[in-house]
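Visitor: Please read through the structure below; I'll follow up with questions.
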Amino acid sequence: MTDHRPTEFQRARSAEQREVRKRAILDAATQLAAEMPVSDISLRELSRRVGLSKTNVVRYFETREAVFFELLNRNLARWIEELPAELAPADASGGPLPPQALMEALARSLARRTLLCDLFSSLGPELERNISAESVRDFKLAHIRLLGDLADLLRHHLPGLTPEAAVELVSLTVVCTAGLWPFAHPSPAVAEAQRDPGLAHTRVDFAERLGRTLHVAVTGLLTLG
């Protein structure tokens, strides 16, 4: 059984200690996101889980939204770091994966990272509220750099993509993930209704649908040049 008792902290006095506190807050947010939708996680609950007062939590993150901004970028960075191994050819030929297989592998890789997908789907409608322009700017500048790294990685596997097309493909990946993820993870009532044979076609297999969508997108981008 996971121990959710709060951790007692002394006041952080050094940069290293502050990073330890931030890491603890992010770890608590990760635990909570595995138990409930991001939209249901309040600053009060986050503070209780990490063992700090709300006042102390905002010493490190100005709002709950800022916590999830940071968590999104850290999970995105980890995914980009791990992705090359997941996009490697599956056979012994050593040649690059064809576009369809590459996009399907990309979609499966994303599907395994539920927190990252959850945060992508929460970004526009929820997380970009109740936060200062300075925090949004810092998040978005770091986020854009990470997405640029992802675009470079995809161009390595798809040299026919122009730099602009690679950026567009990454943007479409994020937008399609954000759009498809909630439909692939409906409420219990919707999931029950979809057991009706007449609604079977409305069920969304996230990895399959995203892989197909990205294959269509990359085919068009490669054709357009």
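The values are calculated or read from the model by the stated rules, or taken from the named source; none is laboratory data. These numbers were taken from a predicted model, which means no experiment stands behind them. Because the Cβ atoms are built from the backbone with ideal geometry, glycine has one as well, and the counts that use them run over all protein chains shown. For the accessible areas, the whole protein counts, side chains as well, though only heavy atoms, and no ligand, DNA or RNA atoms are used. Shrake-Rupley method; radii C 1.70, N 1.55, O 1.52, S 1.80 Å.
Visitor: Would you mind stating whether GLU16 is in a helix (DSSP H, G or I) and modelled with pLDDT of 90 or more?
Guide: no
Visitor: Pick from the stretch 199-225 the residues that are free of Cβ contacts under 8 Å to residues at least 60 places away in the same chain and outside any helix (DSSP H, G or I): which of them is farthest from ALA101 (Cα to Cα)?
Guide: By that ranking, first place goes to ARG203.
Visitor: Can you tell me which residue is nearest to the chain's Cα centre (by Cα) among those in the stretch 49-73 that are assigned to a helix (DSSP H, G or I) and surrounded by fewer than 16 Cβ atoms within 10 Å (Cβ to Cβ)?
Guide: The extreme case among them is LYS54.
Visitor: So PHE68 passes all but one of these: (1) closer than 15 Å to GLU126 by Cβ; (2) without any contact (Cβ under 8 Å) to a residue 12 or more places away in the chain. Which condition number does it fail?
Guide: Against the list (1) closer than 15 Å to GLU126 by Cβ; (2) without any contact (Cβ under 8 Å) to a residue 12 or more places away in the chain, PHE68 comes up short only on (2).
Visitor: Here is a further query. Would you call GLU128 more than 21 Å from HIS215 (Cα to Cα), modelled with pLDDT of 95 or more, within 17 Å of the chain's Cα centre (by Cα) and surrounded by fewer than 19 Cβ atoms within 10 Å (Cβ to Cβ)?
Guide: So GLU128 fails the test.
Visitor: While we're looking at this one, here's another question. So VAL218 passes all but one of these: (1) over 18 Å from the mean Cα position of the chain (by Cα); (2) open to solvent by 30 Å² or more (accessible area, probe 1.4 Å); (3) modelled with pLDDT of 95 or more. Which condition number does it fail?
Guide: Failed condition: (2).
Visitor: Scan the stretch 153-173 for residues that are without any contact (Cβ under 8 Å) to a residue 12 or more places away in the chain and either buried (at least 17 other Cβ atoms within 10 Å of the Cβ) or in a helix (DSSP H, G or I) (or both) and jot them down.
Guide: Scanning the stretch 153-173 gives ARG155, HIS156, GLU164.
Visitor: Same structure, new question: Output yes when any residue across the stretch 133-152 is exposed (fewer than 15 other Cβ atoms within 10 Å of the Cβ) and hydroxyl-bearing (Ser, Thr, Tyr), and no when none is.
Guide: Within the stretch 133-152, none of the residues are exposed (fewer than 15 other Cβ atoms within 10 Å of the Cβ) and hydroxyl-bearing (Ser, Thr, Tyr).
Visitor: Among the listed residues ILE131, ILE80, which satisfies the condition of being touching a residue at least 60 places away in the same chain (Cβ under 8 Å), assigned to a helix (DSSP H, G or I) and touching an Asp or Glu at 6+ places or on another chain (Cβ under 6 Å)?
Guide: ILE80
Visitor: Still on this model: Looking only at residues in the stretch 161-197 that are at pLDDT 95 or above and of a type in the set (D, E, K, R), which one is farthest from CYS117 (Cα to Cα)?
Guide: Among them, the one singled out is GLU164.
Visitor: Do you know which residues across the stretch 19-48 are part of a loop (DSSP other than H, G, I, E, B) and out of contact with any helix residue (DSSP H, G or I) (no Cβ under 6 Å at 6 or more places or on another chain)?
Guide: The answer is ALA34, GLU35, MET36, PRO37, SER42.
Visitor: Can you work out which of the residues in the stretch 103-125 that are closer than 22 Å to LEU153 by Cβ and charged (D, E, K, R) is surrounded by the fewest Cβ atoms within 10 Å (Cβ to Cβ)?
Guide: ARG112
Visitor: Looking at PRO186 and the list (1) within 23 Å of PRO163 (Cβ to Cβ); (2) in a loop (DSSP other than H, G, I, E, B), which single condition is not satisfied?
Guide: Among (1) within 23 Å of PRO163 (Cβ to Cβ); (2) in a loop (DSSP other than H, G, I, E, B), PRO186 violates only (1).
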